[in-house]
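Enquirer: Below you'll find the structure I mean.
The values are calculated or read from the model by the stated rules, or taken from the named source; none is laboratory data. Quick caveat, the model's predicted, so the values are computed rather than measured. We place every Cβ from the backbone using ideal geometry, glycine too, and count neighbours over all the protein chains shown. For the accessible areas, the whole protein counts, side chains as well, though only heavy atoms, and no ligand, DNA or RNA atoms are used. Shrake-Rupley method; radii C 1.70, N 1.55, O 1.52, S 1.80 Å.
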Amino acid sequence: MKKLSIYTSKLGVRQILLICLLFGVGLGTVFANVFKDFYMDRLFLFNDSFIKTFETMDMDKFMITQMAFVDYIKEFGLLILLSTTILGKPVIFIHCSYKGFTMGFILSTAAMRYGLKGILFFICYISPQCLIYLPLLIWAYLKGYEINSKLIGRGACERFHIRPYVPNLLFLLLMIVLISLLEGYVNTSLLHMIMLKLMS
């Protein structure tokens, strides 16, 4: 923990987050290419089957919105809770690396399977909710790091008052509602339309 604090004090938390993200993207890309023989055939069969089902699927957008809301609440809630513990800073950096790994893996797999169409599909898959989600996630990382610094380690305050962070929590909740609505209604319709065109 002390070494981590030394590195963050020298480089800055934003630089460390960027390094973690790029490391995750690179690792995900390498993993997707190195181990493609172990999963690619099954993934192709699943994708082809899913696309055929997707053409006639009657999607419950309200249910998708609810599921997205619950998932985001769990993700950000757990991130905030762990930020109040000694595990806060490592969890933030690991979570950032994991997000990068997921992006690198999915993008590489889509590109290997569908070429340029796969890359375009990936962009459509993460839009438009990720235009809000990614900046919000970075903001949550920085706030979580700030909270952890006030609670744990050198220079930590004896008492931590949650009242100044209530507006931040309300803002986070509002953004989660907005992201969930975008994912459930806008992204679902956009994805359905683009998938049928790209994969035809």
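Enquirer: Once the whole set of protein chains is in place, how much accessible area is left on E75, using a 1.4 Å probe, in Å² to the nearest 10?
Expert: E75 exposes around 40 Å² with every protein chain in place.
Enquirer: Return the subset of K61/K99; K36/K89; K74/K150 for which the Cα-Cα distance in this structure is over 28 Å, preserving the input order.
Expert: Details: K61/K99 25 Å; K36/K89 33 Å; K74/K150 23 Å.
Check vs 28 Å cut-off fails for K36/K89.
Enquirer: Expressed in nm to one decimal, what extension gain is obtained for the pair L174 and D37 from 0.36 nm per residue of sequence separation less their Cα-Cα distance?
Expert: Once the chain is fully extended between L174 and D37, it gains 45.0 nm.
Enquirer: Give, in nm to one decimal, the length gained when the segment between L18 and D71 is fully stretched (0.36 nm per residue of separation minus the Cα-Cα distance).
Expert: This chain segment gains 16.7 nm when fully extended.
Enquirer: Given H placed on each backbone N at 1.01 Å, which residues far from M59 in sequence or on other chains put an amide H within less than 5 Å of it?
Expert: Those qualifying (amide H under 5 Å, at least 5 residues apart or on another chain) number zero.
Enquirer: Compute the distance in nm between two label points, each set 7 Å from the Cα along the Cα-to-Cβ direction, one at M112 and one at Y165.
Expert: It works out to 4.0 nm between the two label points.
Enquirer: Still on this structure, please answer the following. For L120 and M59, FRET efficiency with R0 = 30 Å and r from the beta-carbon atoms, rounded to 0.05?
Expert: Numbers: r = 21 Å, r/R0 = 0.70.
Computed FRET efficiency for M59 and L120 comes out at 0.90.
Enquirer: Need one number: nm distance between label points at I138 and V30, each 7 Å from Cα along Cα→Cβ, rounded to one decimal.
Expert: 2.5 nm
Enquirer: Give the accessible area for D71 in Å² (nearest 10); use a 1.4 Å probe, count only protein heavy atoms, and leave out ligands, DNA and RNA.
Expert: D71 has an accessible surface of roughly 90 Å² with all protein chains in place.
Enquirer: Excluding A140 itself, what net charge comes from residues whose Cβ is under 15 Å from its Cβ, given Lys and Arg +1 and Asp and Glu -1?
Expert: Details: positive: R14, K74, K89, K99, K143; negative: D71, E75, E146.
Local charge sum for A140: +2.
Enquirer: Determine the shape class of the range 81-121: with a ≥ b ≥ c the square roots of the Cα gyration tensor eigenvalues, call it rounded for a/c under 1.5, and otherwise prolate if a/b is greater than b/c, oblate otherwise.
Expert: Prolate.
Enquirer: Follow-up. Give me the number: length gained by fully extending L151 to L78, i.e. 0.36 nm times residue separation minus the C-alpha to C-alpha distance, one decimal in nm.
Expert: Numbers: separation 73, 0.36 × 73 = 26.28 nm, distance 1.67 nm.
That works out to 24.6 nm of additional length.
Enquirer: Sticking with this structure for a sec: What list of ³J(HN,Hα) couplings, whole Hz, do you get for the range 170-176 from phi and the Karplus terms 6.51, -1.76, 1.60, once you set θ to phi - 60° and write x for glycine and proline?
Expert: 5, 5, 4, 4, 4, 5, 5
Enquirer: Continuing with the same structure: Ordering F38, F76, F171 by accessible area with a probe of 1.4 Å, largest first, what comes out?
Expert: Solvent-accessible surface, decreasing: F38, F171, F76.
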